[in-house]
Amino acid sequence: MLKIRTPFALARIGRDTRSIRCRSHHYGSLFPALITSHPFPPTPTQSQFWVEKYEKEACRNWDIFYKNNTDQFFKDRHYFAKEFPDVFGVQVGGGDGEEEDEGPSRVGVSDDRGSTSATSDTKTGADCCARVFGPAPRYALPSLTANEVKDGTGTARPAGRVFLEVGCGVGNTAFPLLALDKAAAVYCCDFSQRAVELVEARKEGLSLHEKSRINPFVCDITRDPLTEHVPPGSVDVCTMVFVLSAVSPEKFARAIRNVSSVMKPGGTGRVLVRDYACGDLAQSRFASKTRQKLSENFYVRGDGTRAYYFSQEELTALFAKFGMEQTQSVVHEKTITNRSTRVDMERRWIQASFASAAVPAEALPAPPPRAEPEWAARARLADRRKAGEAVLAEKAKSLELAKQTQAVADLEKELVTCTRGTLERVVLGIARDGAVESGAMLRRLQMEAQS
């Protein structure tokens, strides 16, 4: 029997084929002759029109994301003291350094964290072959001064360090940083106005002293100079947690240059990075779909936000371009096994620290005025048209009122010289023509006679 394939059936066959191609890289060790050197099958990229559209609407898409999810999507990050003990001195907080946050979790618009449950097993660790040290030395805490303070653990800590969180979102790193150093000032920025508003709202719940230590502001790190909000050469520690991956690859250099311009000179500051690593489960899923690839290792999610997947060599080279040497870099791996389906989910992310440059990079130049978005231009023109129509309507109303006033004045003048008989004929004519209701005219005459 000849089977007719419907378009839906053909589309399903295509998806199954892509899924098989996507899974093929897992079997490279068993069948090396069948697997090419590319980790994922070639995927058609979006047209230049869509690439530019996602770039123009990046801020809008993140605003919508935070409008829909507020501060309920991501967890606070309490793993910094464990993952970077040389920077924070002691372990404060109870977070697990291997825990995932928003980075390797989001595929499409769903919260695909692959969290552990009763039907899954989780194995975490680091790729030992991908752990790289140097050439920058370990971070040295600033020497204690007469202004030293003691934190909640009774440990003496230097006063006055400056932290900067780039891409702060709703403050999931900024507020834990306040707890890590009781004397530090924390600057935090995001290019989503709505996200910064959520940080401001959370800030209101702090004590007066802690409010004075955190300074949120709106900033596009690829465009707006950080030096407009943060003193140049003042930052001891900058955190960039799944930030660069949301930036277009051609703007990586501007973002890192901007960060370098506010870091302390002489290699005494540190930039702490955690971001997507090549080979992550989310990347393999993107590679199995069409219309989600913008360029090499750069993809768009279903909600319009974007994600880039780094190699260690690429990330190190980006910072080295601005004289920021690597202290340590490691690729973390997390395997989640669904016991019912026996499917492994591979999660991978890079964690690295970089020393500040001997001489900070030059600040970004002041940006040109932003081009007016099309929607804003349309709204402005619509408002201008409505305002013009309102002015014309007001003028017409004034003219009509003036005509009526003049007509009443002319009528009063005629009534002075009008005889009774003429007036009676005019009134009866008006009533017959129906210009005025006869009953209404009669009632008015009766009221005038009684008065």
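Laboratory data are not the source of any read-out in this text; all were calculated from the coordinates shown. Since the model is a prediction, treat every value here as computed from it, not as a measurement. Because the Cβ atoms are built from the backbone with ideal geometry, glycine has one as well, and the counts that use them run over all protein chains shown.
Worth a mention:
- Per-selection Rg to Rh, region 342-396 - Cα, Kirkwood hydrodynamic radius: 1.47
- When peptides 304-312, 383-391 are sorted by average Cβ neighbour count within 10 Å, with the highest value leading, the order is 304-312, 383-391.
- Each residue of region 350-364 was assigned a 3J(HN,Hα) from its phi angle through the Karplus expression (A = 6.51, B = -1.76, C = 1.60, θ = phi - 60°), giving 9, 10, 8, 10, 10, 6, 5, 6, 4, 10, x, 5, 5, 5, 4 Hz with x at Gly and Pro.
- Averaged over residues, the count of other Cβ atoms within 10 Å places the peptides 77-83, 171-177 in the sequence 171-177, 77-83, highest first.
- Of all lysines in the structure, those lying under 21 Å Cα to Cα from K289, and not within fewer than 8 positions of it along the same chain, are K53.
- Highest mean first, the peptides 203-216, 228-241 sorted by other C-beta atoms within 10 Å per residue fall in the order 228-241, 203-216.
- Between A382 and D344, the modelled labels are 5.4 nm apart [label points 7 Å from Cα along Cα→Cβ].
- Excluding same-chain neighbours fewer than eight residues apart, the lysines reachable from K334 by a Cα-Cα span under 17 Å are K123.
- Cα centroid separation - region 161-183 against region 331-366, whole Å: 19 Å
- Listed residue (L445, P369, Q406) projecting farthest to the positive dipole end of region 322-451, Cβ model: L445
- Shape of region 320-451, Cα gyration tensor, a/c cut at 1.5: prolate
- Look at where the Cα atoms of region 294-324 and of region 376-414 average out, and the two centres are 59 Å apart.
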